[in-house]
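The values are calculated or read from the model by the stated rules, or taken from the named source; none is laboratory data. This structure is a prediction, so every number in the text was calculated from the model and none was measured. Quick reminder, even Gly has a Cβ in these numbers, built from the backbone with ideal geometry, and neighbours come from all protein chains shown. Note: accessible area is taken over every heavy atom of the protein model, side chains too, but ligands, DNA and RNA are not part of it. Shrake-Rupley method; radii C 1.70, N 1.55, O 1.52, S 1.80 Å.
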Amino acid sequence: MSLGSVAAVRRLLLLVAVLVAVDTMLYAALTPLLPHFAHEFGLTKGQAGVLVAAYALGALVFGLPGGVAAARRGPRRAVLSGLALMGLASIGFAFVGSFWGLFAARFVQGAGSAFTWAGALAWLLAVAPRERRGELLGIAMGAAVFGALFGPVIGAAAAVLGRSVVFVALSGLAVVLGAWALRLEDAPAAKQSTEALPAALRNRRFIAGLALMALPALLFGILSVLGPLHLSDAGWGAAAIGGVWLVGAALESIEGPLVGRLIDRRGNLFPVRISLVAGTVLSVALAFGGRPLLYAPLIVLASLAYAMLFTPAFALLADGADAVGLAQGMAFGLMNAAWATGAVLGPAAGGAIAGATGDTVPFLLAAALCAAALIAVHAGLERGGAAADLSGAPDTAKL
């Protein structure tokens, strides 16, 4: 079966969807376990934020190496490297019994994710028809967000069944996924000029994609620390907290593909503006807390608003990389670094600020960031040419 056949694209899309879903599931599995670890190890909100950020820190440190591996060694080898790290880290997370042990396991999980994401997305774009790129990336993003929002359910299961049972099983899943990847045809390693990377960092679409990748990561980082701790303080257990994210998972798995199709038809800016308006309003609402029956739906709605930014960010990065001849593996390696920057700053800074001032200030800062990004988008619209670049208009000669 040829790499570019319809059947091959479908098989690869399924693998990529599972890979990114499992990866983000591991990232978010900590959510319902966080109150337990805070109690067991006496963590402050700042320390809890550092533990959440450890995963993203690993992705930040290994983001560019993951991209280089996908570009030079081929996407499948990068995916296999990431799965190996994921399996080892899951075993570590299953048995360690200290704050720094958990931090190290989360860091290695994040390092593995850098290789997996760069390889998986570069592999997918190597076979994806350009006219369906937004849709396919939207499906992958829907799977990723589903994993991120289903992860707390896995964490809740670990709280009930024990960490060792659940995370040893996840290490076995890494082996199964590796065997699956070996059954599919690899894409060739990419060739590019030495000028491609500097050119990408001057390209408006590419830079906008990096910014739109970092922003929702930062917003989710704040939410993933303060949300479960707020519900825990109100008396909710790990299973109930995980249930809130499960509701969001069902909705997010639908939203991603719809946003991808919307991009293919209306351009990148339309869903970006919707997301930023909703993110501003919902962040303000979260800032003032409230009873759990009001706060829990706000978490779900805010997750929907924040996640809407990821798919246009993917599309902008892919288009910008194509415009300057940057290998997609390298582009998604830089994407990992951008995501990780937001995912490190969000929980670490959000937790520290909340510990000093309460939850209101971090969420108001999140609202301010959404509003500032919305102003920047409208400023681009007024300039016309830049807006055409970002919207996905067909005139790409000036890129």
Cα-centre dipole for segment 163-245 with unit charges at Cβ (Lys and Arg positive, Asp and Glu negative), debye to 20: 220
How much mean residue ellipticity at 222 nm does the chain get from its helices, if each DSSP H run of length 4 or more adds -39500 (n - 2.57) and you divide by all residues, to the nearest 500 deg cm²/dmol? -29500 deg cm²/dmol
If you take the beta carbon distance between R72 and L251 as r and set R0 to 51 Å, what does 1/(1 + (r/R0)^6) give as a FRET efficiency, to the nearest 0.05? 0.85
Please report the carbon-and-sulfur percent of the accessible area for segment 226-277; probe 1.4 Å, protein heavy atoms only, DNA, RNA and ligands left out. 62
Report the FRET efficiency, 1/(1 + (r/R0)^6), for F41 and V168, where r is their Cβ-Cβ distance and R0 is 25 Å, rounded to 0.05. 0.70
Considering only protein heavy atoms and a probe of 1.4 Å, how much of the accessible area of segment 70-176 is carbon and sulfur, as a whole percent? 69
For the chain, the per residue accessible area (1.4 Å probe, Å²) is 38
Report the FRET efficiency, 1/(1 + (r/R0)^6), for V160 and W100, where r is their Cβ-Cβ distance and R0 is 30 Å, rounded to 0.05. 0.75
Taking just the C-alpha trace of segment 133-222, give me its Rg and Dmax in Å. 18.6, 53
Starting from the 7 Å offset along Cα-to-Cβ, what nm value, one decimal, do you get for the label separation of R273 and A211? 1.7
In nm, the gap between the two label points placed 7 Å beyond Cα toward Cβ at A239 and W180 is 2.8
For the chain, with only Lys/Arg (+1) and Asp/Glu (-1) charged at the beta-carbon, what is the dipole magnitude about the Cα centre, in debye rounded to 20? 580
Gained length - A376 relative to L293, 0.36 nm times residue gap less alpha-carbon distance: 26.4 nm
Rolling a 1.4 angstrom probe over the protein chains, ignoring ligands and nucleic acids, what is the accessible area of D264 in square angstrom, nearest 10? 70
Quick calc: nm separation of the 7 Å Cα→Cβ label points for R261 and A368 -> 4.0
Order by protection proxy (mean Cβ within 10 Å, highest first), peptides 65-73, 119-127: 119-127, 65-73
A correct Karplus calculation of ³J(HN,Hα) over segment 98-112, with 6.51 cos²θ - 1.76 cosθ + 1.60, θ = phi - 60°, whole Hz and x for Gly and Pro, returns 9, 4, 6, x, 5, 4, 5, 5, 5, 4, 5, 4, x, 4, x
